[in-house]
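For reference, the structure discussed in these notes is given below.
Here, each number is a calculation from the coordinates, and none is a lab measurement. Keep in mind it's a predicted model, so treat the numbers as computed, not measured. Don't worry about glycine lacking a Cβ; one is built from the backbone with ideal geometry, like all the others, and counts go over all protein chains shown.
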Amino acid sequence: MAPSRRTKRVVASQPGFLNLKSSSGAAGLPSIRRKRVNKNKKKNWNKHSDINDVTEFLEDVRHQERTIGGLLSDKSDDNLFFLDVGQPKKAEQKVAGFASAPLHHVSCYLLYFPLLSHLSPNHLFCPHPTSVLAYQQPNAKKLRRIGQKAEQLAAKGVVPRRQKQLLNRRPADRTAKKAVTEANNNPDREYYDIWGQEYTADPWYLQQTGKKRVKRPEKLNEKPSVLPAVEVIAPGGSYNPDFFSHQALLQEAHEVEVKKQKEEDKIERQLAVNKEHIATEETILREQVEGLVEEENEEEAPNEEEEGVAVGAITVAEKKTERQRKKERAYKVKEQLRQANRYQNDKRQQLFQLRSIKTSIKQEEQETKDKQKQRKAKQEAQKAQPRRLGKLKFKAQDMEVQLSDELAGSLRQLKPEGSVLKDRFKSLQKRNLIEPRERAKFKRRLKLKYVEKRAFREIT
């Protein structure tokens, strides 16, 4: 039996085989073998039974009953169709001209009037259906109210704001003609440089073509410092200075050196060792003998302390009597009344101190103004000072000063002081353009190895 079934399946899978069963697909493919199910049990009836055709039929019947009040096959033609003669001019005018009017199905009519489905078939003949939404206007009340208000304003001669703006708007110049581009094959046309710059002031054209420059922030236009790029040296720094101006420059350099010396002295004082803290022979001997002498006295001291603690723990606070409690409450109430009376007296006394209060207020306002001026002056002074831009602080360059015996009478005999490159580098740091820096310290990880070359070894 099994070999015969296998032969049938192989034959059915061949491309030229025609299946005569109605269940075969449209493409002529072999039908899938139906699963054999035991249907003698009730639980397998719905599970393995196809009831789609029955449910579709019942749904169609319910739809017809909802729309036309019964089955469509049971209705007559008079109940299913009506004559469309158009919308009458008056409601009382009767419809005429049934012969030339088109027919419409009643089911379409009941889509607009579903409440008429309960009527009998004889009542279904009625005029052409119209939608209620066709007569509705959104915001009808609001628009009617706006129109009434506009009519009242027009009667008073008031022009609305929107209409004023339209009247004041400049009319467009429609007489201007567009520029006509010349043909590419015109030999007399002007030469166009594709690499040239187009000079136009139209912001819209620049924005759309991407040629408009990005607006520079106002913060970038501010200079980081008010100091000039090149500072002019004092008159005493000339190669042939005046005596007094040269002495003033020497005094300034002297003050700078004195300030540096004071800072060094301060660091030395802080790092200096106090003589009292230096160990002597006596203090060394006392530290060595510490703990070896007077051991008996130290053992007795803890016992006395323990006895004192035990005695102190036994003491209990005495309980207050009722009379003492009443006396404390009365004293507390009396103190509160005294504080309240004193507060009221102070308030009354302030009425006679209005003049002094006004004077104190004026003084405070004046102090506030003075502080504001000082703060503003300090901020202006800080603009000329270098800011902290990195981990290092700015160190001013040493003043380039020549002593009186080093002065030269002419430029030929003048000795150069300082370095121009270092001066410009310090100027950039002082004007907050770059952060203060120091020379990088390179440390060799591997020790240098010296080797004698062969040529040098032959000579030696």
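Convex hull volume of the Cα atoms in region 231-277, per residue, in Å³? Mind dumping the intermediate values first?
On the way: hull volume 4.1 nm³, N = 47.
So the per-residue Cα hull volume is 88 Å³.
Taking the alpha-carbon centroid of each part, what is the distance from region 202-226 to region 341-362 in angstrom?
Comparing the Cα centres of region 202-226 and region 341-362, I get a distance of 60 Å.
Using a basic spin-label model with each label point 7 Å from the Cα along Cα→Cβ, how many nm lie between THR283 and ASP84?
12.2
What lysines sit close enough to LYS319 to cross-link, taking a C-alpha to C-alpha distance under 16 Å and skipping anything fewer than 8 places away on the same chain?
Of all the lysines, those that pass the test against LYS319 - Cα under 16 Å, at least 8 places apart if same chain - are LYS327.
Do you know the relative contact order of region 316-436, to the nearest whole percent, from alpha carbon pairs under 8 angstrom that are 6+ apart?
In percent, rounded to a whole number, it is 27.
Could you estimate the translational diffusion coefficient of region 321-428 from the Stokes-Einstein equation, with Rh from the Kirkwood formula over C-alpha pairs, at 10 °C and 1.306 mPa s, in whole µm²/s?
69
Please tell me which of these pairs span more than 24 angstrom C-alpha to C-alpha: LYS369/LYS430; LYS371/LYS426; LYS259/LYS415; LYS223/LYS378? List each step's numbers first, then the result.
Values: LYS369/LYS430 32 Å; LYS371/LYS426 34 Å; LYS259/LYS415 27 Å; LYS223/LYS378 18 Å.
The answer is LYS369/LYS430; LYS371/LYS426; LYS259/LYS415.
Say each of LYS393 and GLU218 gets a label point 7 Å from the Cα, pointing the same way as Cα to Cβ; how far apart are those two points in nm?
3.5
Which of the GluC sites (Glu not before Pro) found in region 388-460 are in a DSSP loop and have at most 11 neighbouring Cβ atoms, other than their own, within 10 Å?
Filter output for region 388-460: GLU438, GLU452.
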